[in-house]
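Worksheet: one structure, shown below.
The values are calculated or read from the model by the stated rules, or taken from the named source; none is laboratory data. If you're wondering where the values come from, they're calculated on a predicted model, not measured in any experiment. Neighbour counts run over all protein chains shown; Cβ positions are idealised from the backbone, glycine included.
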Ligand SMILES: *[C@@H]1O[C@H](CO)[C@@H](O)[C@H](O)[C@H]1NC(C)=O
């Protein structure tokens with residue numbers, strides 16, 4: 001009986017450890033701060049001035065954007081124009097707009113092993129996510145979402161081997177990213193992206209976890225944990241971070257955020273609701289967990305006593321009247337002795 005209880009507790013412990021192990025990267029994500037990789041205001045030149053610290057530019061002057069075809073909707077044209085205007089060809093910048101057709105052609109020609117997964121993605125946004133990692137890894141440059149406008153020249157950011165945007169409270173985003181060609185982090189990203197192509201029932205989580213910011217954040221945590229975040233030179237693996245103040249909202253910020261994401265659906269409402277009501281969600285989660293464990297325990301007791309001697313199930317024994325802690329510590333011998341007295 002007590003060995004059974006021990007097994008029951010061990011099985012529960014194993015399940016809890018397994019769940020913690022499964023979500024360990026997500027838990028880590030909550031505590032990873034990344035402040036030491038922040039691109040600090042102090043190391044950036046004033047708006048409109050060149051960098052004066054003599055650092056060589058590592059990231060090529062290419063801006064990548066994506067849209068399904070060549071007709072950019074009016075709501076994004078202003079943002080698009082702001083980036084093109086601040087990065088003119090006359091200063092050596094190249095602008096690449098990746099349409100769906102161009103993206104598919106590029107993947108088929110350069111990364112044929114990925115083509116089936118790419119075409120097979122259920123949601124178009126997954127292709128839009130994936131293509132940005134492949135073109136950054138291939139050509140290097142700066143990827144910018146179509147709903148992000150530019151507020152100043154990105155030239156001061158080209159001295160880092162790679163940068164991404166830190167989102168608060170957790171993780172990184174994939175809406176603006178810069179990198180040298182074949183940067184080890186983006187090489188890793190395209191190498192593992194197929195492995196993450198899983199369905200998580202809700203479209204939002206599926207997209208986030210298979211190709212989106214959550215996918216990238218998990219890889220980033222692995223990158224930090226694996227000690228890969230080192231090297232500031234052309235071959236370096238370090239990922240620098242743009243924190244919110246350098247992202248938008250100030251005259252010195254690099255970007256201006258325009259309209260929100262265009263692909264959010266009902267499940268996003270649910271997730272936003274859950275994050276607004278996270279205390280309730282946590283309590284309900286615990287209640288469900290405790291209920292499951294309790295039901296498991298009751299089922300176990302029923303099974304254990306039933307298998308030994310069915311008649312004992314309804315008969316109180318001294319063992320059940322022992323204080324709670326003694327039931328776990330007193331030996332089988334005590335029970336037998338006491339039971340004999342009672343008889
Ligand atoms: C681009 O897509 C939009 C929306 O699906 C469509 O209305 C438009 O005609 C397309 N433009 C071109 C050039 O194919």
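Things worth noting here:
- Matching entry among 272, 255 (being surrounded by 11 or more Cβ atoms within 10 Å (Cβ to Cβ) and modelled with pLDDT of 75 or more): 255
- Residue selection: residue 46 satisfies the criterion of being outside any helix (DSSP H, G or I), closer than 20 Å to residue 248 by Cβ and assigned by TED's automatic domain parsing to the domain that holds residue 251.
- One residue alone among 165, 57, 132 is part of a loop (DSSP other than H, G, I, E, B) and either within 30 Å of residue 245 (Cβ to Cβ) or away from the ligand (no atom under 16 Å from the Cβ) (or both), and that residue is 57.
- Of the residues contained in the stretch 65-77, none is found to be away from the ligand (no atom under 16 Å from the Cβ) and in contact (Cβ under 8 Å) with a residue 12 or more places away in the chain.
- So residue 84, is it assigned by TED's automatic domain parsing to the domain that holds residue 237, in a helix (DSSP H, G or I) and away from the ligand (no atom under 16 Å from the Cβ): yes
- Single unsatisfied condition, residue 171 versus (1) crowded, with 18+ Cβ neighbours inside 10 Å; (2) within 16 Å of the ligand (Cβ to nearest atom); (3) modelled with pLDDT under 95: (2)
- Matching residues in the stretch 1-43 - criterion: being in contact (Cβ under 8 Å) with a residue 12 or more places away in the chain and assigned to a loop (DSSP other than H, G, I, E, B): 1, 32, 34, 39
- Taken across the stretch 93-107, residues that are more than 15 Å from residue 138 (Cβ to Cβ), surrounded by fewer than 17 Cβ atoms within 10 Å (Cβ to Cβ) and more than 15 Å from the ligand (Cβ to nearest atom) do occur, with at least one present.
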